[in-house]
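Trainee: Pasting a structure here, questions to come.
The values are calculated or read from the model by the stated rules, or taken from the named source; none is laboratory data. The structure displayed is predicted, hence computed values, not measured ones. Glycine gets a Cβ as well: all are built from the backbone with ideal geometry, and neighbour counts include every protein chain shown. Side chains included, ligands, DNA and RNA excluded: accessible areas come from the protein's heavy atoms. Shrake-Rupley method; radii C 1.70, N 1.55, O 1.52, S 1.80 Å.
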Amino acid sequence: MDDNGGAFIVPVDVRIDRRGGKMSEQTSLRAPRLWNWHRIALFLPAMGLIGFFLIIPIGVIAIYSFLVPGVYGGVVWEFTTNAYRQFLFEQDLFTDEWAFNGAYLNIYGRSIGQAAVATIACLLVGFPTAYFIATRPPENRTIWLFLVTIPYWVNLLIRTLAVLFLLRDQGPINSFLMDWGVIEKPIRLAYTNFAIGFGLVYSYLPFMVLPIYASLERFDFSLMEAGYDLYAGRWTILRKVVLPVVAPGVVAGSLLVFIPSLGSFIAPDILGGGRNLMIGNLIALQFQGSRNWPFGSAAAMILLTLVLLALFFFARRQQGGLASSHG
Amino acid sequence: MSEGENEIAVHIGDVVKVYGSGDSAHTALHGINLDIRHNEFFTLLGPSGCGKTTLLRMIAGFESVTEGEISLYGQNLATSPPNRRPVNTVFQQYALFPHMTVAKNVAFGLKMKGHGEAETRARVDEMLRLVQLDRFAERRPSQLSGGQQQRVALARALAPSPKLLLLDEPLSALDLKLRQAMRLELKQIQRDAGITFIFVTHDQEEALTMSDRIAVMSEGALQQVGDSRDIYEAPVNRFVADFIGETNLPEVVIERYEGDHAVCRLGDGSELHCSVSEGAAAAGERGHLSIRPERLSFTAAGEEGSIRCVIDRTIYVGTDTQYAVHLGDGSELVVRVQNEAGEELPWSAGDEVGLRLATGAARLLSD
C-alpha cells in the first residue's frame with residue numbers, strides 16, 4: 001500500500017563523503033520500504049527483457065539437451081542423457097556399447113587454449129595501449145579512445161573477412177614479404193590457429209583496453225613516484241604497485257575477452273577455414289549440418305557451465321581481495 | 001666523514017629550471033643558490049607557483065636540472081635517478097600503496113634496498129612506534145584517518161634511513177587542530193631521527209613554528225633566507241614583509257640616512273626613524289616601510305612623539321583587537337592591541353588618538 005499518496009519525490013539522503021565519494025551508511029537504512037514499488041517499476045522492463053530473451057531460450061536449450069534428436073532436425077519428446085554421454089563417449093553402431101571418445105573434449109580443450117592465448121595476447125597489447133592513453137593529457141584521451149573503438153563500427157563479419165584478405169597467400173602481407181625478398185614463397189597464414197588467434201585479438205582488443213584504461217585513469221600516478229622514490233626500479237613498480245592496484249580492470253578485461261573468445265564462431269569459421277573445430281563451430285554444426293539439436297544444446301550447456309565457473313572463480317577472487325583489503 | 005653541525009648537507013648551485021623549449025619555454029627557477037646544513041629543519045616557503053615544489057622535486061630526482069648542480073654531502077646527484085638517491089619523500093597526498101598494509105608500506109623501501117626479513121621487521125616496528133602507529137600495522141591505509149595516513153607516509157619515508165627527507169606540504173590535507181599537533185610532532189621526530197628535513201609549504205605560520213631556517217621564494221627566485229626571527233623581524237623586501245604575517249606597508253619619502261638608520265616622512269608629514277634593508281632606495285626617493293600591527297600602540301592624542309590618527313573600525317579577534325585607523329592625509333594603517341581580561345575595549349570607532357611605534361618597529365624595504 002502506498003500511504004504517501006503516490007508522490008514521486010523519492011527521499012534522497014545521499015551524503016557524498018568528501019574524499020571517497022562513498023554514500024553514508026544511513027542512506028540504505030533511511031530509504032522507506034514503500035518506495036521500493038517505484039524502484040521495481042524502473043527495472044521491470046529490463047527484467048522482462050532478460051526473462052523473456054535470456055532465461056526462456058536457455059531453458060529451452062537446457063530441456064532440448066535431455067531429449068532425443070529428430071531425424072530431420074528438431075527433437076523427439078523423450079527423456080535421455082545420451083546427448084551428454086555422447087560428449088565423452090561414442091556408441092558403437094552395431095553393439096550399442098559406449099566407448100570413450102576424446103574428440104569433443106579435444107575441441108573444448110583447444111578452444112580454451114585458443115581463448116587463453118587470445119586473452120594473454122590482448123593483455124600484452126592492450127595494457128600498454130591503455131597505459132599510453134591514460135598518460136596522455138586529458139583533452140587528448142577521448143580521441144585515442146575513439147580510435148580504439150572505431151573498428152567496432154564495422155560489422156564483425158566484414159572485419160574478419162578483411163583480416164582473411166590480409167593473411168591469405170596472395171594477400172598484402174605475403175606479397176610485401178616476397179617483393180622485399182624476405183621469403184621465397186608465401187607463408188601459410190590464413191586457415192591456421194595463428195589466424196584464428198589473430199582474428200580473436202583483433203576482434204576483442206577494445207574489450208581489454210577499455211576496462212584497463214578505466215582503472216588506470218583513476219590510478220594515482222604519485223604511487224609510481226613513491227615507488228621510484230623508495231628505491232624500486234620501473235619493472236618492480238609495474239609489478240608491485242601498478243598491477244595490483246589496477247587488477248580489477250585487468251580481470252574485467254580478461255573476462256570480457258576470454259568469454260566471447262571461448263564461444264566465438266566467426267573467427268574460427270572464416271580464418272580457420274572450419275578445419276580446426278572450435279566450440280562455436282561444433283555447436284553451429286549440430287543445428288545446421290548434423291541436425292542433432294539435443295547434442296548441440298548439450299554442447300552449449302557445457303560451454304555455459306564453463307563460463308559460469310570461470311566467472312564464479314573470478315568473482316570469488318575479487319571478493320576475497322576486497323574482503324582482505326577491509327579487514 | 002664527520003657530519004658536524006655546520007656541515008653542508010645539500011648544496012644547490014645556480015640551479016635553473018626551464019620547462020618546454022623555444023617560444024613556449026617557461027623558466028620556473030632562475031638560478032637558485034642555497035646551502036642546507038646537516039640536521040637542519042629547512043623550509044621552502046612561498047605562494048603556489050613560486051617554484052618551491054619544483055625545487056623539491058629536482059632534489060628528489062623527479063625533475064631534471066636544466067642548469068646548475070645539486071649535491072648531497074659533496075656528491076653530485078645530477079645523474080642518479082630517484083631510486084638511487086639516499087633521499088626519501090613524504091608526498092602531499094601521502095601516496096600510500098592502497099593494496100598493502102601499513103607495515104608493508106613501511107617495509108617497501110627497506111625490501112627494495114635489499115634488507116633481510118628480520119632486519120626489515122625490526123625496523124618497521126621501530127618506525128611504527130616512532131609515529132605511534134604500532135597498533136595499526138595490519139590495517140590498510142584506507143582504514144586510517146588523515147593524520148594517521150600522514151604518519152604512515154612519514155614512517156615509510158624514514159624507514160630506509162635516508163640522508164635527507166623531503167616533505168611536500170605534508171600537512172595541507174589535515175584540519176587545523178591536527179595540523180598544529182603534527183607541527184610539533186614533526187619537529188620532534190626530526191630531532192630524534194637526526195636527519196636533515198627539507199619542508200615545502202605555503203603556510204607561513206607552519207614555516208615559522210617548525211623551521212631552523214626558512215627560504216622565502218617568489219616567482220622562481222629566492223627572496224630571503226634566514227631563521228624565523230630574521231624573516232619576520234627583518235624582511236628584506238616588500239614581498240617577504242607582506243607574505244610573512246600581517247604588516248602595514250605605507251609609502252614614505254626617504255629624508256636622509258643617519259648611520260644604519262633612515263629618517264622617512266609619512267604621508268601626513270610625520271617623521272619616523274627606521275631600520276633599513278639592503279637595497280633600499282636612496283635619500284630623496286620614495287620607498288615602503290613595513291610596520292607590524294602589533295608594534296603599534298595607542299596613547300592620548302597629541303602626546304609627544306605620537307602620530308595623530310582617527311579610529312575607523314574595531315574588530316575583536318579573541319586574543320587581541322584589530323583597529324583600522326587613518327592618518328591626517330587619509331592613509332590607512334592597522335593596529336593590533338592585545339586584550340586584557342575582563343576589560344572593555346579602551347578605544348572605539350571615531351576616537352581621535354595618538355599612535356606610538358615601538359623601538360625598531362619600522363623597517364625601510366627594498367622593492
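Trainee: Compute log10 of I(q)/I(0) for region B:289-350 with the Debye formula, placing one identical point scatterer on every Cα and leaving out solvent, at q = 0.14, 0.21, 0.24, 0.25 Å⁻¹, to two decimals.
Mentor: -0.39, -0.88, -1.12, -1.21
Trainee: Rank these by accessible area, largest first, 1.4 Å probe: A:Ile196, A:Ile63.
Mentor: Descending order: A:Ile63, A:Ile196.
Trainee: Still on this structure, please answer the following. Counting only the heavy atoms of the protein chains, how much of A:Arg141 is accessible to a 1.4 Å probe, in Å² to the nearest 10?
Mentor: Near enough 40 Å² of accessible area.
Trainee: For region A:201-322, with all protein chains present and a 1.4 Å probe, just round the carbon and sulfur fraction of the accessible area to a whole percent.
Mentor: Its accessible area is 66 percent carbon and sulfur atoms.
Trainee: Grab the Cα-Cα distance for A:Phe313 and A:Ile40, subtract it from 0.36 nm times how many residues apart they are, and report the gain in nm with one decimal.
Mentor: 95.3 nm
Trainee: Rounded to a whole number, what % of the accessible area of region A:28-100 do carbon and sulfur atoms account for, probe 1.4 Å?
Mentor: Accessible surface attributable to carbon and sulfur in region A:28-100 totals 71 percent.
Trainee: Hey, another quick one. Going by accessible area, probe 1.4 Å, with all protein chains left in place, what is the ranking of B:Arg286, B:Arg85, largest first?
Mentor: The most accessible residue leads, giving B:Arg286, B:Arg85.
Trainee: Which residue fluctuates most in the GNM of chain A (Cα springs below 10 Å): A:Tyr131, A:Tyr191, A:Tyr108?
Mentor: Checking each option, the largest mean-square fluctuation is seen for A:Tyr131.
Trainee: How large are Rg and Dmax for chain A when only the alpha carbon atoms are used, in Å?
Mentor: Just the Cα atoms of chain A yield Rg and Dmax of 25.6, 84 Å.
Trainee: Would you mind computing the Rg to Rh ratio of region B:198-248 from its alpha-carbon coordinates, Kirkwood style for Rh?
Mentor: When Rh is taken as the Kirkwood radius, the ratio is 0.91.
Trainee: Report which residues of region A:194-235 become buried by 40 Å² or more of accessible surface when going from the isolated chain to the complete set of protein chains (1.4 Å probe; DNA, RNA and ligands ignored).
Mentor: A:Leu223, A:Glu225, A:Ala226, A:Tyr228, A:Asp229, A:Leu230, A:Tyr231
Trainee: Here's another thing I want to ask about it. In square angstrom and rounded to 100, what buried accessible area do you get between chains A and B, total over both, with the probe at 1.4 Å?
Mentor: Summing both sides, the interface buries roughly 2100 Å².
Trainee: Tell me, what % of the accessible area of chain B is carbon and sulfur with a 1.4 angstrom probe?
Mentor: That share works out to 45 percent.
Trainee: Any chance you could check region B:75-107 for residues losing 30 Å² or more of accessible area when the partner protein chains are in, compared with the chain on its own (1.4 Å probe)?
Mentor: Correct list: B:Pro82, B:Asn83, B:Asn88, B:Phe91, B:Ala95, B:Phe97, B:Pro98, B:His99.
Trainee: Let me ask you something else. Could you tell me how many cubic angstrom of Cα convex hull volume chain B has per residue?
Mentor: Cα-based convex hull of chain B, divided per residue, equals 187 Å³.
Trainee: Then there's this: Just to be sure I understand the interface: list residues from region B:42-65 that lose 40 Å² or more of accessible area between the chain on its own and the complete protein assembly, 1.4 Å probe.
Mentor: When all protein chains are present, B:Phe62 each give up 40 Å² or more of accessible surface.
Trainee: Tell me which aspartates and glutamates have Cα within less than 16 Å of B:Lys104's Cα, excluding those fewer than 8 residues away on the same chain?
Mentor: A:Asp229, B:Glu117, B:Glu119, B:Asp125, B:Glu126, B:Asp134, B:Glu138
Trainee: Can I ask one more? Provide the percentage of antiparallel DSSP beta bridges, counting only those with both residues in the protein assembly as shown; round to the nearest 5.
Mentor: Once the DSSP bridges in the protein assembly as shown are tallied, antiparallel ones form about 75 percent.
Trainee: With n ≥ 4 as the cut-off for DSSP H runs, can you work out [θ] at 222 nm for the protein assembly as shown, using -39500 (n - 2.57) per run divided by the number of residues, rounded to the nearest 500?
Mentor: The helix-only estimate for the protein assembly as shown comes to -13000 deg cm²/dmol at 222 nm.
Trainee: Something else about it: Which one of B:Cys264, B:Ile307, A:Gly253 is farthest out on the positive end of the charge dipole of the protein assembly as shown, using unit charges on Cβ (Lys, Arg +1; Asp, Glu -1) and the Cα centre as origin?
Mentor: My answer, from the dipole projection, is A:Gly253.
Trainee: Moving to a separate point now. At 1.4 Å probe radius, can you tell me the per residue accessible area of region B:181-239 in Å²?
Mentor: In whole numbers, region B:181-239 has 39 Å² accessible per residue.
Trainee: Please compute, for peptide B:111-118, the average count of beta-carbon atoms on other protein chains lying within 10 Å of each residue's beta-carbon.
Mentor: 2
Trainee: Once you've got the Cα coordinates, tell me which of B:Lys113/B:Lys163; B:Lys163/B:Lys187; B:Lys17/B:Lys52; B:Lys17/B:Lys113; B:Lys52/B:Lys113; A:Lys240/B:Lys113 are over 19 Å apart.
Mentor: The pairs that break the limit, which is 19 Å between Cα atoms, are B:Lys17/B:Lys113; B:Lys52/B:Lys113.
Trainee: I'd like the distance between the alpha-carbon centres of region B:194-218 and region B:271-319, rounded to an integer number of Å.
Mentor: When both Cα centres are located, 29 Å separates them.
Trainee: With springs only between Cα atoms under 10 Å apart, run a GNM on chain B and tell me which of B:Lys177, B:Lys111, B:Lys187 wobbles the most.
Mentor: Among B:Lys177, B:Lys111, B:Lys187, the largest GNM mean-square fluctuation belongs to B:Lys177.
Trainee: Provide the packing ranking of A:254-265, B:32-43, i.e. peptides ordered by the mean count of other C-beta atoms within 10 Å per residue, highest first.
Mentor: Top of the packing list down: A:254-265, B:32-43.
Trainee: So with the 1.4 Å probe, I'd like the accessible area per residue for chain A, rounded to whole Å².
Mentor: In whole numbers, chain A has 61 Å² accessible per residue.
Trainee: Taking the Cα centre of region B:259-367 as origin, work out the dipole magnitude from +1 charges on Lys and Arg Cβ and -1 charges on Asp and Glu Cβ, in debye rounded to 20.
Mentor: 220
Trainee: Given a cut-off of under 8 Å on Cα pairs at least six residues apart, what relative contact order in percent is computed for region A:28-100?
Mentor: 15
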